[in-house]
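Comments concern the structure below.
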Amino acid sequence: MLITIMAITTIMVSCNHEPDYSPRIINYERDICAQCLMGIADSLWAVQTINTREDVLWFDDIGCLVEYMKTPNWKKFVNNQKVQIWVGNTKEGGWIDAQKAYYNFGKHTPMGYGYSAVPEPDDTTFTFNQVVKRIKEGKTMREEFLQKH
């Protein structure tokens, strides 16, 4: 009887497991961008997404995330559930919730999209939704980046 109660309690506790959406530490020798397949080289520009299964996708530039969001793989990763997105804080280091961050435009980023996350707004910053829209509209530094590389 005691074993049955313990088994039921264990199952109930495991079913109520709250996903850990906290930012992960980059493993520079293993973690690669899900979109461009480049190794994550700099946490200041990196993006990580964590779903309810605690799977993590890495991106080396916010633009790579936006491009990946257009794919069926993104829909499968999200699976109509919560996804936490963290972006590198280019001003202070560490991570910022992508939805709460503000974005400057004009920096040289790993894949040339040109957006960098900061914790506080100013007269020239954009919100996450504005950045997603701008990247989809082609308002990036990507052409210049591709010409140089």
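Helical runs (DSSP H, four residues minimum) scored at -39500 (n - 2.57) apiece and divided by the length of the chain put the mean residue ellipticity at 222 nm at -8500 deg cm²/dmol.
For segment 85-125, the extents of the C-alpha atoms along the principal axes are 22, 22, 17 Å, listed from largest to smallest.
Within segment 36-58, find all residues whose amide N lies under 15 Å from a label point positioned 7 Å from the Cα of Asn27 along Cα-to-beta-carbon. What the label zone holds, given the 15 Å backbone N cut-off, is 39-40, 55-58. In segment 41-112, the alpha-carbon atoms span a convex hull of 94 Å³ per residue. Across the chain, the relative contact order, built from alpha-carbon pairs under 8 Å that are at least six residues apart, equals 18 percent. Among Glu137, Glu18, Glu29, the order of accessible area from largest down is Glu29, Glu18, Glu137, computed with a 1.4 Å probe on protein heavy atoms. The convex hull around the C-alpha trace of segment 61-149, projected and averaged over every direction, spans 6.2 square nanometres. Pairs to check: Lys76/Lys100; Lys75/Lys133; Lys107/Lys136. Give those whose C-alpha atoms are more than 21 Å from each other in this structure. Pairs exceeding the cut-off: Lys76/Lys100. Across all directions, the average projected area of the convex hull around the alpha carbons of segment 14-69 is 4.3 nm². Each peptide in 57-65, 78-86, 34-42 gets a packing score, the mean of other Cβ atoms within 10 Å over its residues, and the list from highest to lowest is 57-65, 34-42, 78-86. For the pair segment 23-47 / segment 60-116, the C-alpha centres are spaced 12 Å from each other. Annotation: extensible slack from Lys107 through Lys76 equals 8.0 nm (criterion: 0.36 nm per residue apart, minus Cα-Cα distance).
Seen from a random direction on average, the alpha-carbon convex hull of the chain projects onto 11.1 square nanometres.
The values are calculated or read from the model by the stated rules, or taken from the named source; none is laboratory data. Note that the coordinates shown come from a computational prediction; the quantities given were computed from them, not determined experimentally. Neighbour counts are summed over all protein chains in view; Cβ atoms, including those assigned to glycine, are modelled from backbone coordinates with ideal geometry. The accessibility values were calculated without ligands, DNA or RNA, using every heavy atom of the protein model including side chains. Shrake-Rupley method; radii C 1.70, N 1.55, O 1.52, S 1.80 Å.
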